[in-house]
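See structure below.
Read-outs: derived from the displayed coordinates by stated rules, not from any lab. Just so it is clear, the structure is predicted and the values come from calculations on it, not from any experiment. Every residue, glycine among them, receives a Cβ derived from its backbone with ideal geometry; neighbour counts consider all protein chains shown.
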Amino acid sequence: MKKVRKAVIPVAGFGTRFLPATKSTPKEMMPLIDKPIIHYIVEEAVNSGIETIIFVTGRHKRAIEDYFDYYPELEQVLNKSGKEKEIEMLRQISNMAEFVFIRQKQQLGLGHAVLTAANLVGNEPFAVLLGDEIIKNDEKPGIKQLIDIYYQFGKSVIGTMEVPKEDVSKYGIVAGKEVINGIKIIESLIEKPSVEEAPSTTAIIGRYVLTPNVFDALRETPIGRGGEIQLTDGLSKLREKEVIYAKDIEGIRHDTGNKLGYIEAIIDFALDRQDLKDEVFKMIKEKYKEMEKDSVEQN
Ligand code: UTP
């Protein structure tokens, strides 16, 4: 069986939920403390055995290319002040993997973004990680959990999680039959259904391992919800030809593409850090006390 060596990370979306910040900063470059979101996602891929990262970008996303490149001028400045550790840290970022960039010339949807990478992926299985979703799992990275299932069955695997019924319309939803412990064979997929339409409460999250046959399926996929070529619709077409598995991903998921998810991720990562945890906890407690006091005074 072919190895899963390449990961496609689509980052061409406009990130309108974060305007005005995203007018000039890609949402993937927004920091969780001192590391941009995209850094965590690349780390997850690299820690799962991925060697080549294919970013599907747009012209407003140049900062991502720069982030994964060397920066000789900055190195020179750091060198002068003896900051060897910092230079080493910066180099490590660029050396994590081979980075490839391709432009999605028009933002025609996530399915279209994945299809844009078809020639770069070629005829081999590949991973897809969305550039604004973080999965925290120190034992086994999210995408590795799916890659292992790919090695077991040799077919596409979609990462999922259970969501409350009222939230189904925010996600792609799949329904299927469990085959072995937590792994389902998918029977239907639908993008952002209404509560009535949804065949289950199993939501697709931003992690996939796909066979290259998905590209032909995407080529046949018509424009769908929101006037975009949806990856979920492409996978629905692929499912007509070959089996697709689904697995609930273990770990903490942060959807950093929306404001609350972003704030939650910052708090979570800060409380995880030895150098920040105590002070941040104190800060939260004090804020909480202040807010309690205010609400008592108001009532
Ligand atoms: P989102 O729906 O989060 O879109 O896309 P967005 O434009 O980035 O953000 P909002 O909704 O306007 O705030 C999910 C993922 O698919 C990528 C996005 O970059 C994001 O990682 N995407 C979406 C593309 O690469 N190309 C597209 O045409 C659409």
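Quick one: grab the alpha carbon gyration tensor of the chain, order the square roots of its eigenvalues as a ≥ b ≥ c, and give me rounded if a/c is under 1.5, else prolate or oblate depending on whether a/b is larger than b/c. Write out the running numbers ahead of the final one.
Values: a/c = 1.71, a/b = 1.21, b/c = 1.42.
It comes out oblate by the Cα gyration axes.
Near the amide H of residue 8, under 5 Å away, which other amide H atoms are found, from residues 5 or more places off or on another chain, if H is placed in the peptide plane?
54, 127, 128, 129
For every helix of n ≥ 4 consecutive DSSP H residues, a contribution of -39,500 (n - 2.57) applies; sum these over the chain, divide by its total residues, and give [θ] at 222 nm rounded to the nearest 500 deg cm²/dmol. List each step's numbers first, then the result.
Working: 11 runs with 114 residues, N = 299.
-11500 deg cm²/dmol, from helical runs alone.
With a cut-off of at most 13 other beta carbons within 10 Å, and DSSP calling the residue loop, which trypsin sites (Lys or Arg not before Pro) in the stretch 46-112 qualify? Please list them.
On the way: sites: 59, 61, 62, 80, 83, 85, 91, 103, 105; in loops: 83, 105.
The qualifying sites are 105.
Given 15, 118, 82, which one lies farthest toward the positive end of the charge dipole of the chain, if we put +1 on the Cβ of every Lys and Arg and -1 on the Cβ of every Asp and Glu?
118
With charges set only on the Cβ (+1 for Lys and Arg, -1 for Asp and Glu), what does the dipole of the stretch 111-230 come to about its Cα centre, in debye to the nearest 20?
Details: 12 positive and 17 negative charges, 35 e Å.
Rounded to the nearest 20 debye, it is 160 debye.
Tell me, what HN-Hα J-couplings in whole Hz come from the Karplus equation 6.51 cos²θ - 1.76 cosθ + 1.60 at θ = phi - 60° for each residue of the stretch 184-199, using x for Gly and Pro?
Those phi angles translate into 10, 8, 6, 10, 7, 9, 8, 7, 6, x, 6, 4, 5, 6, 4, x Hz.
I need the Debye-formula profile for the stretch 130-217: one equal scatterer per C-alpha, no solvent, reported as log10 I(q)/I(0) at q = 0.12, 0.16, 0.21, 0.26 1/Å, two decimals.
-0.38, -0.69, -1.14, -1.41
Taking the Cα centre of each part, how many Å lie between the stretch 84-150 and the stretch 240-299?
Value for the Cα centre distance between the two parts: 24 Å.
Straight-line reach only, C-alpha to C-alpha below 20 angstrom: list the lysines that residue 285 could link to, leaving out same-chain residues fewer than 8 apart.
Counting by Cα, and skipping residues close in sequence, residue 285 has these lysines nearby: 277, 293.
With θ taken as phi - 60° and the coefficients 6.51, -1.76 and 1.60, list the Karplus ³J(HN,Hα) couplings across the stretch 285-299 in order, rounded to whole Hz; mark glycine and proline as x.
So the J values, rounded to whole Hz, are 4, 5, 4, 4, 4, 4, 5, 4, 4, 4, 6, 5, 4, 5, 7.
Among 169, 200, which comes first, second and so on when ranked by fewest other beta-carbon atoms within 10 Å?
Working: 169 14, 200 19.
Sorted ascending by nearby Cβ count, the order is 169, 200.
With charges set only on the Cβ (+1 for Lys and Arg, -1 for Asp and Glu), what does the dipole of the stretch 29-151 come to about its Cα centre, in debye to the nearest 20?
Numbers: 13 positive and 19 negative charges, 86 e Å.
Around 420 debye, computed over the stretch 29-151.
For the pairs 2/155; 2/144; 35/140, note any where the Cα-Cα span goes beyond 18 Å. Intermediate values should be presented prior to the final figure.
Values: 2/155 11 Å; 2/144 15 Å; 35/140 21 Å.
In this structure, 35/140 lie more than 18 Å apart at Cα.
Sort 90, 189, 260 by Cβ crowding within 10 Å, fewest neighbours at the top. Working shown, then result.
Working: 90 18, 189 26, 260 8.
Starting with the residue having the fewest Cβ neighbours, the order is 260, 90, 189.
Please list 3J(HN,Hα) in residue order for the stretch 21-28, calculated via the Karplus relation 6.51 cos²θ - 1.76 cosθ + 1.60 where θ = phi - 60°; whole Hz, with x for glycine and proline.
Those phi angles translate into 3, 7, 5, 10, 10, x, 5, 5 Hz.
Taking R0 as 51 Å, what's the FRET efficiency between residue 74 and residue 167 from their Cβ-Cβ distance, rounded to 0.05? Provide the component values of the computation, followed by the final result.
Working: r = 43 Å, r/R0 = 0.84.
For R0 = 51 Å, the calculated efficiency reads 0.75.
For the stretch 186-254, what does the alpha-carbon gyration tensor say about shape, rounded, prolate or oblate, given a ≥ b ≥ c as the root eigenvalues, a/c under 1.5 as rounded, and a/b over b/c as prolate? Show your work: numbers first, answer last.
Values: a/c = 1.59, a/b = 1.18, b/c = 1.35.
Judged from the Cα gyration tensor, the stretch 186-254 comes out oblate (a/c at least 1.5, b/c at or above a/b).
So which GluC sites (Glu not before Pro) in the stretch 96-160 end up in coil per DSSP with only 10 or fewer other C-beta atoms within 10 Å?
Details: sites: 98, 133, 139; in loops: 139.
Those that pass, being in a loop and sparsely packed, are 139.
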